[in-house]
Amino acid sequence: MKPFDVFLPVHLVFGAGKIREIGEISKQYGKKAFAVFDPFLKDGSVVKNIRADLKKEGIDMVEFYDVSPNPRYTAMDEGVKICKANACDFVISVGGGSAIDSAKAIAIAVIHGGSCWDYTVRYFEMDKVRKPTTKGLPHIVVPTTAGTGTEATYASVVNNPNLKLKCAILNPIAYPDYGIVDPELMISVPREVTALTGMDAFAHAFETYISNGANPWSEALSLRSIELFVEHIRTAVNEPKNLDARMGMAVSSTLAGAAICQAGLAMPHAIGQPVSALKDAPHGGTLAACIPQIIEWTIPFAQEKFAKVAEIFDPSISCLGEAEKARKLPESLHQLYKDLDIAPTFGKYGMKEEEIPTAVDLCFGGFQWDLGGHPKPISREDAAEMFRRCL
Ligand SMILES: NC(=O)c1ccc[n+]([C@@H]2O[C@H](COP(=O)([O-])OP(=O)(O)OC[C@H]3O[C@@H](n4cnc5c(N)ncnc54)[C@H](O)[C@@H]3O)[C@@H](O)[C@H]2O)c1
Ligand SMILES: [Fe+2]
């Protein structure tokens, strides 16, 4: 067994109604919060209750709502200005991955200066990537989707629409200090968003499991995450108010997020993210579109692990040989997509054949870590062929 490191410096609490502890949790961080809220929360009871819970502890809150899916560094830089101008002591973020990732970048840039884009890893100009080693503002995160697991990662994915690039800040200082994972905040997630964000959680669990960087610690997180995903995703999509299913998906998502930083991802994220950058396509949708294709292309290189995952999806295949089990996995995924009413393809998100060379550049410019984690080596031609298959 190879040596490995584990670093997960975030206090996480899980459970229905836990959001009401936010005042008590916040008081250790100061008297003024910069709150990045997902726009769907505007004028709603969640914000009203948070405002009241903070007030009880004598904490003021500056509210910021400029967050879009595939969040832009320009909006984040505006957030930095407002946070600084108000001399906020700490950051709270409540929302999907886009809101939390925006806040992660803001918390860093407020302390370390410059633009949020400066901190992203760009493989074509690594000398320009800022990598501070001391913490930004303290940060409490409250996910309202079950998918990214960003509450347990040191990543923040930042979109640069001018360059049509999506790159990630990958820096241990981006870990939040506190995470409140409350399934009650997730019951309002629309059906398709539940399905696609759920697919993001599955992608994290699956990719970390097969990644070259996997270790016994990350494998435990990945496998439990996949089990919870298989157990709860259909109910979470079909019975949105089912708290047990929402909680199951929330925990699946956090476990998978925690696995990312211990093991790294693999080819689906490297192929999916460029499509989101080019077409503003939903992150989970691009992943769902390419995972079955990637499994078929990879099979002999990760057969044993594919077989294990296939058996979690369908325990009745336990009597089959390993190769047969592995080949069942894309079938199980296609059946799941039918049950969730999703049928994503890159073509459906507007990608055209002539955009493949640009997508390949984006893939190798921003996602080499993910490419390097894949159990089968990937050339530029392989990536181009994969984009073509997923059209
Ligand atoms: N930092 C990481 O570790 C990490 C990991 C994976 C993905 N990501 C990034 O996260 C982003 C995607 O995040 P996401 O999948 O959570 O989607 P999102 O944050 O973009 O949200 C999707 C949509 O759902 C809405 N929404 C969120 N919660 C809701 C709720 N409870 N009720 C009703 N509507 C709700 C949002 O307003 C938005 O319109 C992408 O940019 C992706 O690249 C980050
Ligand atoms: Fe993801």
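The values are calculated or read from the model by the stated rules, or taken from the named source; none is laboratory data. Treat the numbers as computed from the prediction; the structure is a model and nothing was measured. Backbone-built Cβ (ideal geometry, glycine too); neighbour counts: all protein chains shown. Each accessible area value is taken on the protein alone, full model and side chains, heavy atoms only, with ligands, DNA and RNA left out. Shrake-Rupley method; radii C 1.70, N 1.55, O 1.52, S 1.80 Å.
General observations
- Debye equation applied to the C-alpha atoms of the chain, log10 I(q)/I(0) at 0.08, 0.12, 0.15 Å⁻¹: -0.38, -0.88, -1.38
- Computed helical MRE - 222 nm, the chain, DSSP H runs ≥ 4 contributing -39500 (n - 2.57), nearest 500: -16500 deg cm²/dmol
- Here region 53-167 yields Rg over Rh of 0.96, to two decimals, using C-alpha coordinates and the Kirkwood radius.
- Annotation for region 1-30: chymotrypsin sites (Phe, Trp or Tyr not before Pro) lying in DSSP loop with at most 12 further Cβ atoms inside 10 Å of their Cβ are Phe7.
- Apportionment of accessible area to carbon and sulfur, region 9-165, percent (1.4 Å): 53 percent
- Charge tally in the Cβ shell below 15 Å around Ala245, where Lys, Arg are +1 and Asp, Glu are -1, Ala245 excluded: -3
- Normalised Debye scattering of region 166-239 at q = 0.24 Å⁻¹ gives log10 I(q)/I(0) of -1.20, counting only Cα atoms as equal scatterers and leaving out solvent.
- Surface composition of region 299-391: carbon and sulfur make up 51 percent of the accessible area, probe 1.4 Å.
- Per-selection metrics, region 214-344 (Cα): Rg and Dmax in Å: 14.9, 44
- 21 Å Cα-Cα threshold exceeded, pairs from Lys308/Lys348; Lys308/Lys376; Lys164/Lys338: Lys308/Lys348; Lys164/Lys338
- Sorted peptide list for 334-344, 141-151, 212-222, criterion being average Cβ within 10 angstrom, highest first: 141-151, 212-222, 334-344
- For the chain, the solvent-accessible area works out to 39 Å² per residue, with a probe of 1.4 Å and every protein chain left in place.
- Plainly put, region 90-224 has a radius of gyration that is 0.97 times its Kirkwood radius, both from alpha-carbon atoms, as the Rg/Rh ratio.
- Maximal additional length on extending the Ala343-Asn212 stretch stands at 44.2 nm, based on 0.36 nm per residue less the C-alpha distance.
- Stokes-Einstein D (µm²/s) once Rh is taken as the Kirkwood radius of region 1-127 over alpha-carbon pairs, at 10 °C in 1.306 mPa s: 100 µm²/s
- Segments 263-271, 19-27 sorted - mean Cβ within 10 Å per residue, highest first: 263-271, 19-27
- Here Arg389 sits with roughly 100 square angstrom of accessible surface, probe radius 1.4 Å.
- The tail of the calculated P(r) for region 64-115 beyond 16 Å holds 29 percent of all Cα-Cα pairs.
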